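Reading through the structure tokens given below for one structure.
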Amino acid sequence: MFRALIYGVIFAFSATAWAEDKIEAATSSGEIVTLTTAIDTTLEAYLVGSTSAKKSVLILHDRWGLDSTAKTWADRFAAQGYLALAIDLYDGRVANKNNAEHAALIMRQIDPEWSDVNIKAGLSYLAKKTRERVAILGWGFGGSLAFKAAQLDIASLASVVMVYGYLPTGINELKKVTRPVFGVFSTSDERMMPEELEQVVLLMGKLRNPFVSLEVDAAPGFVDESLPVFDKDATERVWQQSLNFLNETL
């Protein structure tokens, strides 16, 4: 079951956006690059695609770290003509996917301000490569950070896709949003109950902030092929709609 709501600004989605044909990943793999932040720290990232691309996307991994899911989505964007960069927000650490507590421990150790610095470095890197504004897409932990980035008024940021991440519900937080956001939410995610999402949709409409929401009848984590909750059909649907949203807002 999918239920989409659009408030604030109506985007002209093309008919192909809702197609369910699978888009294959890029056939060539990318490379690991090292980025330098504004405070002279460094981080590694997976880069794939042509530097002559007119569109680019920064990918933020979930709580497990920079894994195959983030890299596969980067490959898929590259196959669509994007320059894609999946940054490592965990400084090389990777959580054990059989141990959610391990992932939670690493997340708690990540300084939010440090994450902001790394995200800005990723956006700057892509903007310099393509000389265009950049989109962000993230899941879970990365989805929460993606939405936060939409509140920071970063000049190089064009739009944001967040998938089952934390979404604040207070108007003081929501009014900080300065970029179009596409939010995908699981109907079984206790962090965002349906009534809370409805409240956010209402507030974003009143604020005239561009916000598209999609509710998916699948468990959080459904885009990760290595997890038991992986849902192929839901993943393909979200991929198609995320791609269309970014094509329309970049």
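Quick notes on this structure:
- Relative contact order (%) - the range 154-225, alpha-carbon pairs under 8 angstrom, separation at least six: 36 percent
- Two tests apply to each whole DSSP H helix in the chain, Cα reach of 15 Å or more along its axis and mean Kyte-Doolittle hydropathy of at least 0.0, and the ones passing both are 194-207.
- Backbone N within the range 139-164 under 19 Å of label point (7 Å from L227 Cα along the Cβ vector): 139-148, 161-164
- Between D111 and E248, residue separation times 0.36 nm minus the direct Cα-Cα distance comes to 46.0 nm.
- Theoretical gain in end-to-end length, E198 to A38 [0.36 nm per residue, Cα-Cα removed]: 53.8 nm
- Multiplying the residue separation of N99 and K128 by 0.36 nm and subtracting their alpha-carbon distance yields 6.6 nm.
- Among beta bridges identified by DSSP and lying wholly in the chain, the antiparallel ones come to about 40 percent.
- Restraint check, K128/K148; K129/K232; K175/K232; K176/K232; K148/K232, Cα-Cα greater than 31 Å: K129/K232; K175/K232; K176/K232
- Cα Rg over Rh - the chain, Kirkwood: 0.93
- Loop-resident GluC sites (Glu not before Pro) (DSSP state other than H, G, I, E or B) in the range 162-237 with no more than 14 further Cβ atoms inside 10 Å of their Cβ: E190, E225.
- Calculated mean residue ellipticity at 222 nm for the chain: -10500 deg cm²/dmol, from DSSP H runs with n ≥ 4 weighted as -39500 (n - 2.57), summed, divided by the residue count and rounded to 500.
- Once the C-beta distance of E31 and Q80 is scaled by a Förster radius of 25 Å, the resulting FRET efficiency is 0.85 to the nearest 0.05.
- Once both labels are positioned 7 Å from their Cα atoms along Cα-to-Cβ, the gap between E236 and E190 label points is 3.3 nm.
Bear in mind that the values in this text are calculations on the coordinates, not laboratory data. For clarity, every value in this text was computed on a predicted model and none was experimentally measured. Note that each Cβ is placed from the backbone with ideal geometry, even for glycine, and that neighbours are counted across all protein chains shown.
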